[in-house]
Structures are given as C-alpha cells and as structure tokens.
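Student: Encoded as structure tokens, here's the structure I'll be asking about.
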Amino acid sequence: MNRPIVRVYGLVVLLFALLVAFTSRSTIFEASSLRSNPLNARALLEQQRIARGRILAADGAVLARSVRSAGGIYEREYPRGEEFAHAIGYSYTNLGQTGLERFRNAALNGQTGTNLQSILDQLQGKRPRGDEVQTTLDPRAQQTAIAALGEHHGAVVALDPRTGAVKVMASTPSYNPNKLLASGAYKRLTTDTQGRPLVNRATQFGYAPGSTFKVVTATAAIDTGQFTPQSELSGRNDLLVSGVPLGNDDDESFGEITLTEALAKSVNTVWAQVAEKLGKRTMGRYMNRFGFDRKPELDYPVEQMSSSGEYFRGRILPPTSPRVDVGRMGIGQDKLEVVPLQMAEVAAAVANHGRLMVPHMTGRIIDPDGRTVEQISPRTQSVVMKPSTAADVTGMMEAVVNEGTGTEAQIPGVQVAGKTGTAETQIGAAINNVWFIAFAPAAKPTVAIAVTLEQVPGQGASFAAPVARQVMEVLLHD
C-alpha cells in the first residue's frame with residue numbers, strides 16, 4: 001500500500017512543479033515579451049493607468065509627457081508638436097507606438113523589472129510610474145534644421161562623432177502627434193502618398209547619395225595604400241565605365257588631376273576609375289565597415305529603419321553581385337539607396353579619426369526618484385580606417401569647402417570639411433535629390449551632419465550645403 005501512495009504523491013508533486021514552472025514562465029520570466037505583444041489588449045489597457053515617464057531633450061525641455069484625465073486614465077501629450085515627431089514618435093492605445101516611445105517603452109512604463117516586482121509593488125500600495133528618458137537631442141538645432149528645410153521634403157541628421165550621440169533628427173514634412181486622435185486625422189496621414197508625413201526620411205526609404213559617396217571610395221582608395229591624395233588620374237569626360245560612357249557635371253573634361261582636386265571638383269570619371277581599380281570586394285569591405293548593407297545600430301525601432309546599399313527589385317544586393325556596376329557605385333549612382341543617418345555616420349567616422357561610434361538618441365534613463373538607472377556610454381561600432389587615412393580624407397574634404405563645390409558651407413572662423421552630392425531624378429529637367437555631408441571644426445570635430453532634400457531644381461551645393469551650415473553653426477555655439 002505504501003509504495004502506490006508514494007507514487008501518487010510523487011506524481012502530484014511533479015504536476016504541481018510543472019504548473020508552477022509554466023505559470024512562472026508566462027507571468028514572470030516572459031512577462032516583457034507578453035507586455036510588448038501588440039495582440040495583448042490587457043497590456044494596452046493597463047498602460048492607460050500608468051503615469052508613463054517623460055521624454056526630455058538634452059537640455060531638459062519636455063518632449064513628451066502623460067496627463068491624467070477623468071477616471072484616472074493617462075493620455076500622452078507632446079509639447080513641441082511637429083518638431084520632434086519622427087524622432088520621439090507617439091504612444092496611443094488605439095494606434096500603437098513609434099519612434100523612441102516604442103523603443104524605450106518598457107522603461108517609460110516602469111516595466112524594466114520582473115512581473116514579480118510589479119506584484120510586490122502593488123501589494124505595497126505603490127502606484128505604477130514610468131522612468132524618464134533624457135535624449136541627446138538639441139532643441140535649438142532641431143528647430144533650425146526644420147526651419148532650414150522649409151517646404152522641401154528632406155531630412156537632417158547631426159551626430160557628435162566622438163560619442164555617436166544624435167543631436168538632430170529632422171524629417172519634413174512632419175505631423176503633429178497631438179492631433180492623431182482627431183477624427184480622420186491618422187487616416188489622412190497614412191493615405192498621403194505624396195508627402196508621406198509619417199515616414200522618417202532620416203532613417204527610412206533611402207535615396208541615391210550622389211557624390212557624397214565618393215568619401216567612401218576615397219577612404220577605401222587611401223586606406224588600402226593603392227592611392228594617395230596626390231595620385232593623378234585622367235578626368236576626361238565620357239570615359240567608358242562598364243562599357244558605357246560616363247559624363248562629368250556639365251560634361252566638363254579635365255586632364256590628369258589629383259584625387260584631392262577630383263574630390264573638390266567632384267569629377268565623376270576619376271572616382272569611377274578608382275572604384276574599378278579597387279574592385280567590388282574591396283569596396284564592399286569598406287562599405288561594411290561604414291555600416292552599409294544592414295540596418296543602423298540606433299536605439300530606434302528596426303521596422304522604422306532601412307538598410308543602405310545596392311538594391312534590386314526591393315532587395316539589398318551585396319556589392320560583389322554581378323548586377324553591381326562598381327564604377328558607378330563608386331560615385332554614388334548605380335542602384336544605391338542610402339538613408340541620411342548612414343551618410344552622417346560616414347562623415348562621423350572620418351571626423352573621429354577612423355573610428356565609427358554606435359549612434360544613440362538616449363542619453364540616460366532616470367527613475368521616479370530622480371536616480372540615473374542607466375547611462376548610455378559611447379561604444380565603438382567599427383574601426384573603419386587608419387587615423388592617417390582619416391587625416392588625408394579630412395584634408396580632401398576641406399578642399400571641397402575651401403575651393404570646390406562646397407563653398408556654401410563655409411563658416412567664418414571655423415574650418416569645415418564636407419562633400420556635396422546631386423542625384424538626377426528627372427532626366428533633362430534639372431530636378432534632383434541633393435545632399436551635403438560635413439563635419440566641423442575639421443581639426444577637432446564636435447559635429448558631423450548629413451542633409452538631403454528631394455526634388456529641387458539645382459545642386460547639393462546650392463540647397464543642401466546652406467542647411468548644413470545653419471545647423472552646424474547652432475551646434476558649434478551651444
């Protein structure tokens with residue numbers, strides 16, 4: 001009799017242990033994944049009763065906060081309206097979350113601990129409160145960027161190249177997150193296929209980078225030792241590249257010129273020759289170091305970021321693909337689609353002596369008692385080039401601003417290093433997507449920037465460089 005009873009008792013204990021294990025798994029160990037599941041309506045309803053933490057600018061200005069309404073329900077409010085809409089995003093029960101609101105949702109909702117801790121807090125009568133997120137964003141520079149972009153569709157990204165801190169992330173046209181719940185407002189935004197105001201042009205759906213990509217080609221050329229800034233090549237117009245004549249801007253022809261002159265004057269045929277001599281494998285290696293062919297490592301939702309690189313039928317191609325025309329890729333044409341954040345990282349890597357830092361918008365996370373619970377420290381993403389290469393490329397980019405196509409970016413008393421870019425979008429109509437990337441002060445850079453504008457009747461030098469200059473002036477004097 002004793003043995004069967006012991007067996008039954010053992011079975012009951014085993015079943016009870018399994019019950020505890022499975023319930024603990026779902027309620028404690030996998031609590032965060034359950035909370036983040038968009039199909040979990042209970043989690044969404046619970047969030048309405050949580051005093052979600054504020055999101056702050058670098059200077060402490062409030063970018064997002066929760067306001068308590070009737071019935072103890074909290075609603076999100078965005079004091080700066082359209083200014084930070086794409087960077088901060090929005091958080092609404094019926095619309096979901098985007099931007100930093102989504103990426104830092106757990107901290108903002110005070111759910112960084114375990115579900116067991118939440119239960120203990122409730123037993124002690126503690127009201128759920130979220131942590132604050134202080135960003136690295138600069139309100140004055142952000143305002144300047146949006147004003148400078150004006151009515152154009154475009155984007156500006158500015159980084160501190162020493163740390164990777166994002167100082168500006170502006171995209172136009174924008175939207176006011178405070179008005180999303182108004183009748184029909186969200187639907188109107190989602191069906192606006194012309195302006196696409198919900199799209200963050202700084203991180204999504206790239207553009208041909210034009211001649212700004214020549215900085216990548218120059219880096220690979222010099223870092224491998226195959227070329228120097230004084231190496232000379234023919235700048236003849238209509239040079240054959242992949243069997244097809246390639247033209248320079250305004251069909252201008254040059255004799256033998258140095259790489260420094262070729263960058264300053266943005267001579268397509270010189271840089272196409274350089275890319276062909278380097279080859280696809282070498283170009284691909286340096287593109288990878290800069291962060292191409294994968295999504296940026298930004299603290300931002302991955303579904304709101306696009307990979308930069310060569311595309312074919314909506315899919316990214318490796319630079320070694322037979323479909324890639326390496327000569328035209330080397331001058332920012334072919335099938336390249338690149339987001340402004342990526343080109344800001346290109347400028348930042350050169351500025352930081354060849355070391356690319358992981359970009360981040362979060363500065364620190366602060367609990368309801370005012371204690372810093374997480375400080376975001378600078379981290380190296382990759383070593384792109386030797387410091388000597390960075391110095392050489394910096395000198396070449398200085399020539400662009402001093403005497404080349406980028407003179408519109410000059411700042412009195414400050415040496416700027418930069419590169420213009422123009423990608424033709426309407427053949428024969430002089431309507432282009434234009435670019436400018438830069439950093440300053442060139443000797444000890446504290447800001448790196450990328451600017452792009454869509455569908456403008458001119459060159460990057462005329463439209464994008466002045467925008468970059470205005471934003472850099474603010475950041476350099478903050």
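Student: Report yes if THR203 is buried (at least 24 other Cβ atoms within 10 Å of the Cβ), outside any helix (DSSP H, G or I) and either polar (S, T, N, Q) or without any contact (Cβ under 8 Å) to a residue 60 or more places away in the chain (or both), otherwise no.
Tutor: yes
Student: Next up: Take MET287 and decide whether it is hydrophobic (A, V, I, L, M, F, W, C), touching an Asp or Glu at 6+ places or on another chain (Cβ under 8 Å) and modelled with pLDDT of 95 or more.
Tutor: For MET287, the condition - hydrophobic (A, V, I, L, M, F, W, C), touching an Asp or Glu at 6+ places or on another chain (Cβ under 8 Å) and modelled with pLDDT of 95 or more - is met.
Student: Quick one: which residue in ARG294, ARG323, ARG281 is among the basic types (Lys, Arg) and either assigned to a helix (DSSP H, G or I) or buried (at least 23 other Cβ atoms within 10 Å of the Cβ) (or both)?
Tutor: ARG281
Student: What are the pairs, 6+ residues apart or on separate chains, where a residue within the range 326-352 that is within 15 Å of TYR207 (Cβ to Cβ) and among the polar types (S, T, N, Q) has its Cβ under 7 Å from a residue that is open to solvent by 10 Å² or more (accessible area, probe 1.4 Å) and not in a strand (DSSP E or B)?
Tutor: Filtered contacts from the range 326-352: GLN333/ALA208; GLN342/PRO296.
Student: Looking at the range 243-264, which of its residues are open to solvent by 70 Å² or more (accessible area, probe 1.4 Å), touching a residue at least 60 places away in the same chain (Cβ under 8 Å) and touching a Gly at 6+ places or on another chain (Cβ under 9 Å)?
Tutor: GLU261
Student: Considering only residues of the range 459-474 that are modelled with pLDDT of 95 or more and surrounded by 23 or more Cβ atoms within 10 Å (Cβ to Cβ), which is nearest to GLN142 (Cα to Cα)?
Tutor: Out of the qualifying residues, it is VAL471.
Student: Follow-up question, since we're still on this one. Where the second residue is in a helix (DSSP H, G or I) and open to solvent by 30 Å² or more (accessible area, probe 1.4 Å) and the first is within 13 Å of ASN176 (Cβ to Cβ) and lies in the range 62-81, which pairs have Cβ atoms under 8 Å and are six or more apart or on separate chains?
Tutor: Cβ pairs passing all conditions: GLU77/ASN178; TYR78/ASN178; GLY81/ASN178.
Student: What are the residues in the range 148-193 that are assigned to a helix (DSSP H, G or I) and in contact (Cβ under 8 Å) with a residue 24 or more places away in the chain, if any?
Tutor: Answer for the range 148-193, where residues must be assigned to a helix (DSSP H, G or I) and in contact (Cβ under 8 Å) with a residue 24 or more places away in the chain: ALA148, LEU149, PRO177, ASN178, TYR186.
Student: Give the range 218-242 a look and list any residue that's open to solvent by 10 Å² or more (accessible area, probe 1.4 Å), over 26 Å from THR407 (Cα atoms) and in a strand (DSSP E or B), or say none.
Tutor: If the condition is that a residue be open to solvent by 10 Å² or more (accessible area, probe 1.4 Å), over 26 Å from THR407 (Cα atoms) and in a strand (DSSP E or B), then LEU239, LEU240 are the ones that fit.
Student: If you take just the strands (runs of 3 or more DSSP E) that sit entirely in the range 358-457, which of them hold at least 2 residues that are open to solvent by less than 10 Å² (accessible area, probe 1.4 Å) and not basic (Lys, Arg)?
Tutor: Ranges flagged: 362-366, 417-426, 431-440, 447-456.
Student: Test each condition in (1) closer than 24 Å to ILE222 by Cα; (2) among the small types (Gly, Ala, Ser); (3) in contact (Cβ under 8 Å) with a residue 24 or more places away in the chain for SER388 and report the one that comes out false.
Tutor: Going through (1) closer than 24 Å to ILE222 by Cα; (2) among the small types (Gly, Ala, Ser); (3) in contact (Cβ under 8 Å) with a residue 24 or more places away in the chain one by one, SER388 breaks only (3).
Student: Residues in the range 362-376: is at least one at pLDDT 95 or above, touching a strand residue (DSSP E or B) at 6+ places or on another chain (Cβ under 9 Å), within 20 Å of THR163 (Cα to Cα) and among the charged types (D, E, K, R)?
Tutor: yes
The values are calculated or read from the model by the stated rules, or taken from the named source; none is laboratory data. Predicted, not measured: the structure shown is a model, and the values here were computed from it. Glycine also receives a Cβ, built like all others from the backbone with ideal geometry; neighbour counts cover every protein chain displayed. All accessible areas refer to the heavy atoms of the entire protein, side chains included, with ligands and DNA or RNA removed. Shrake-Rupley method; radii C 1.70, N 1.55, O 1.52, S 1.80 Å.
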